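The structure appears below as structure tokens.
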Amino acid sequence: MGQQPLHTHDDDIDPTEGRTMDPAGGLAFAVGLITLGAVIHYVKKQVASGSIQRNSAIGIRTKATMSSDNAWEAGHAAAAPLLTATYLTAYAAGAITAAITVAAKLSDIEKPAAIAIPVAGIAAVLALLSVSAVKANSAARTAGHTGT
């Protein structure tokens, strides 16, 4: 008598069986989010202190914020609270992602949150950056119209 195949139907195979989250991917997301938060934090702090002035490379650069030094300053001042929320969100999402990644590796079980958290974190950071840019643009336009 010959050997029986392990699986007789392809639909009997679960492609996720025995797999765990790749810790390198989770840690890459975590480091990326924390780095993104650090960059936003640094730029916000430097612009607020006057160390980074109107330029074509760094900061919130819209037609309105680039129109004058006053517009640049007004725009960034208006966006500052949202930028703080942005970098804190990036830090938190990065830290949570790292913790979930380590927990998934140590427990050797699937953790769907290991991918959901960094994706949600990136989406939140992008949304907050977009709202920050809109707020900065609006304040810069007002500053440009009032001549301040």
message: Here are the criteria: (1) over 18 Å from the mean Cα position of the chain (by Cα); (2) farther than 29 Å from L27 by Cα; (3) outside any loop (DSSP other than H, G, I, E, B). Tell me which single one S51 does not satisfy.
response: (3)
- request: Just give me the residues in region 31-59 being at pLDDT 95 or above and of a type in the set (A, V, I, L, M, F, W, C), in sequence order.
  value: V31, L33, I34, L36, A38, V39, I40, V43
Breaking point among (1) surrounded by fewer than 21 Cβ atoms within 10 Å (Cβ to Cβ); (2) free of Cβ contacts under 8 Å to residues at least 60 places away in the same chain; (3) of a type outside the set (D, E), for V47: (1)
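Any chance region 27-38 includes a residue that's farther than 26 Å from A78 by Cα, free of Cβ contacts under 8 Å to residues at least 12 places away in the same chain and not aromatic (F, W, Y)?
yes
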message: If I filter region 97-114 down to residues being under 28 Å from L129 (Cα atoms) and surrounded by 18 or more Cβ atoms within 10 Å (Cβ to Cβ), which single residue comes out as modelled with the lowest pLDDT?
response: A114
query: Within the set of pairs 6+ apart or on separate chains, which have a first residue in region 54-74 that is at positive phi, a second that is surrounded by fewer than 21 Cβ atoms within 10 Å (Cβ to Cβ) and among the β-branched types (V, I, T), and C-beta atoms under 9 Å apart?
result: G59/V43; G59/I52
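The values are calculated or read from the model by the stated rules, or taken from the named source; none is laboratory data. Worth saying up front: this structure is predicted, and the values here are computed from it rather than measured. Glycine also receives a Cβ, built like all others from the backbone with ideal geometry; neighbour counts cover every protein chain displayed.
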